[in-house]
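A short worksheet on the structure shown next.
The values are calculated or read from the model by the stated rules, or taken from the named source; none is laboratory data. A quick note: this is a predicted structure, and the numbers were derived from the prediction, not measured. Cβ: placed from backbone, ideal geometry, glycine included. Neighbour counts: every protein chain shown. The accessibility values were calculated without ligands, DNA or RNA, using every heavy atom of the protein model including side chains. Shrake-Rupley method; radii C 1.70, N 1.55, O 1.52, S 1.80 Å.
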Amino acid sequence: MPTLRFILGDQLSRSVSALAGIDPARDVVLMVEVAEETSYVPHHKQKIVLVLSAMRHFAAELRAEGLRVDYVHLEDPANTGSFGGELARAVARHRPERIVTTEPGEWRVWEAMGRWEAETGVPVTIRPDDRFLCPRADFVRWAADRRSLRMEFFYREMRRRTGFLMEGDRPAGGQWNFDADNRKAIPRGLQPPVRRRFPPDLSTGEVIDLVGRRFAGNFGDLEGFGWPVTRDQALVSLEDFIVEALPRFGEYQDAMKSGEAFLFHSLLAAALNLGLLTAREVCLRAEEAWRDGHAPLNAVEGFIRQIIGWREYVRGIYWLRMPGYAQTNALSADRPLPRFYWSGNTAMNCLAEVVRQTRMHAYSHHIQRLMVTGNFALLAGIRPAEIEAWYLAVYADAFDWVELPNTHGMAVFADGGLLASKPYAAGGAYIDRMSDFCGGCAYDVKVKTGPSACPFNYLYWAFLIRNEAELKGNVRLAMPYRTLAAWSEERRRASVEEAEAFLDRLD
Ligand SMILES: Cc1cc2nc3c(=O)[nH]c(=O)nc-3n(C[C@H](O)[C@H](O)[C@H](O)COP(=O)(O)OP(=O)(O)OC[C@H]3O[C@@H](n4cnc5c(N)ncnc54)[C@H](O)[C@@H]3O)c2cc1C
Ligand code: SF4
């Protein structure tokens, strides 16, 4: 009797633990496209194309290697639409002696997996996902008895554990972190490199047709799809980043520019999250670029910190705190998500531009997610669950384990400061400093109140006033609260009223 090897859509790595020790003569690999996964949020069209196309290419690669793959297509008339239903049908087809799978990236699926054994009557082995550098249990050990779970401490431990950018037991260059060098805006005349994209092949073309038909009403453009859908393409994408963009990744990490979605970013998150690349190999390649003298240390350290620091850390937090994590709402945020998050129809140029880039590419870079769409949601007090569902839907790289902590914790402070030491709240001056968005805006970033004022300016102060009880004790907010202390009661009230009136007019 065969072992059924069940591979999920974000487990597209030949090295994934569910495939370890596979017997090509006996075992069957099961892969299923199910409606439940394509519709638990209204995903961007390009995200659905990416996942389904990458799954189909991966299945083809396994077959070419001589493995038996049972692949269920979304439009198969017998498709039950759920993992559980498809597993039950596959058990009836293959009569396996056991099912082997790898732990999933989402709590929702993890819970369902716990029921599979009872539902199918076949023993289920769930193997750890060893593509991550920090096993879930190690993170729990790291977090135990710590008063502060700050990423920076975790990151240093990961540097020591992996040996990346270490010289003996000291960090290369004598510093753990070069962030101070990494906050420049794009100077006039600097042209970001043209990035390698991958025109759809026949198989991706078929998925594009399917998505165009079945998900016509979903957010996002299909034209211009160019994400890597195979490991070979992902490796080309990695090389493109290392050669063309990594040397300036650090300096311009926080910069934003109209019409330039990609700048010097790696564009690798989707490939990493699907399993087309591993965290270790991208860090090795980046470190090699530094040792060869191709890229400076501030760029390479900044990049490696995002991967072995932030990426591993948010996964650790997710599994440490779920399912309760998603339920907290520390600032009692209660406004519905404004419609312009989907339409882009707003006079605030920064938001219109980020939504436009998101619609075109299912991508916008970190600072745009954090300091434009995230900052607005924080200042406006958007319900965490609604803004989280938006992020989970619109980005090609969005999976719950990474999207949720970034949005819930980092962007909207709904966890009350578990992840971030202070809310990432900012007025228009920050956006103006880091981008060229304000030049083309209907509002004036220098004006603080009144009809022509940049809304981020008064929303910022109204946010601090509204949340004074929760935030005033935060030492990192001491300066703005000192400023507020000098305001008259009347000025405070006027600021809150202006913000409320603006927000009430939004839709
Ligand atoms: C509100 C919000 C939501 C986010 N949602 C997601 C998401 O759903 N999926 C996702 O992969 N990332 C998410 N991020 C993190 C980050 O914005 C993206 O990983 C990054 O923009 C992807 O583009 P890139 O590959 O060009 O990244 P680069 O800027 O080139 O960074 C290099 C790599 O580091 C990793 N990385 C960087 N920052 C983070 C981070 N904060 N958390 C985890 N990994 C990180 C990614 O793997 C990324 O590919 C979110 C950030 C915010 C503020
Ligand atoms: S003026 Fe304000 S709303 Fe307009 S682009 Fe600048 S920050 Fe955004």
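Look at the stretch 412-428: where a residue is open to solvent by less than 10 Å² (accessible area, probe 1.4 Å) and a partner is hydroxyl-bearing (Ser, Thr, Tyr) and part of a loop (DSSP other than H, G, I, E, B), sitting 6+ places away or on another chain with Cβ atoms under 7 Å, you get 414/328.
I'd like to verify a number: residues in the stretch 429-453 that are outside any helix (DSSP H, G or I), open to solvent by 50 Å² or more (accessible area, probe 1.4 Å) and small (Gly, Ala, Ser), how many? Of the residues in the stretch 429-453, 2 are outside any helix (DSSP H, G or I), open to solvent by 50 Å² or more (accessible area, probe 1.4 Å) and small (Gly, Ala, Ser). Residues of the stretch 171-190 include none that is in a helix (DSSP H, G or I) and in contact with a Phe, Trp or Tyr (Cβ under 6 Å, 6 or more places away or on another chain).
In the condition set (1) within 9 Å of ligand 2 (Cβ to nearest atom); (2) without any contact (Cβ under 8 Å) to a residue 12 or more places away in the chain, residue 455 is compliant with all but (2). Being under 18 Å from residue 357 (Cβ atoms) and either of a type in the set (S, T, N, Q) or more than 16 Å from ligand 2 (Cβ to nearest atom) (or both) holds for only one residue in 411, 420, 385, 389, and it is 411. Working only within the stretch 430-449, note down all residues that are away from ligand 1 (no atom under 16 Å from the Cβ) and touching a residue at least 24 places away in the same chain (Cβ under 8 Å). Listed by number, the residues that qualify are 433, 436, 437, 438, 440, 441, 442, 443, 449.
Checked against (1) open to solvent by 30 Å² or more (accessible area, probe 1.4 Å); (2) in contact (Cβ under 8 Å) with a residue 40 or more places away in the chain; (3) within 16 Å of ligand 2 (Cβ to nearest atom), residue 367 meets all criteria but (1). Among the residues here, residue 373 does not qualify as part of a helix (DSSP H, G or I), touching a residue at least 60 places away in the same chain (Cβ under 8 Å), crowded, with 23+ Cβ neighbours inside 10 Å and not basic (Lys, Arg).
Set side by side, the residues 478, 462 differ, and just one is surrounded by fewer than 21 Cβ atoms within 10 Å (Cβ to Cβ), over 27 Å from the mean Cα position of the chain (by Cα) and of a type in the set (Gly, Ala, Ser), which is 478.
If you check 335, 285 for being open to solvent by less than 60 Å² (accessible area, probe 1.4 Å), out of contact with any Pro (no Cβ under 8 Å at 6 or more places or on another chain) and under 30 Å from residue 441 (Cβ atoms), only one passes: 335. Looking across the stretch 233-277, the residues that are open to solvent by less than 40 Å² (accessible area, probe 1.4 Å), among the hydroxyl-bearing types (Ser, Thr, Tyr) and not in a helix (DSSP H, G or I) come down to 252, 266. In the stretch 383-411, the residues that are in a loop (DSSP other than H, G, I, E, B) form Cβ pairs under 8 Å with partners that are within 16 Å of ligand 2 (Cβ to nearest atom), at six or more places apart or across chains, as follows: 395/358; 395/364; 395/369.
Within the stretch 341-364, the residues that satisfy the criterion of being out of contact with any helix residue (DSSP H, G or I) (no Cβ under 6 Å at 6 or more places or on another chain), in contact (Cβ under 8 Å) with a residue 12 or more places away in the chain and surrounded by fewer than 18 Cβ atoms within 10 Å (Cβ to Cβ) are 342, 343, 347, 356, 360. Within the stretch 21-72, the set of residues being free of Cβ contacts under 8 Å to residues at least 24 places away in the same chain and of a type in the set (A, V, I, L, M, F, W, C) comprises 25, 64.
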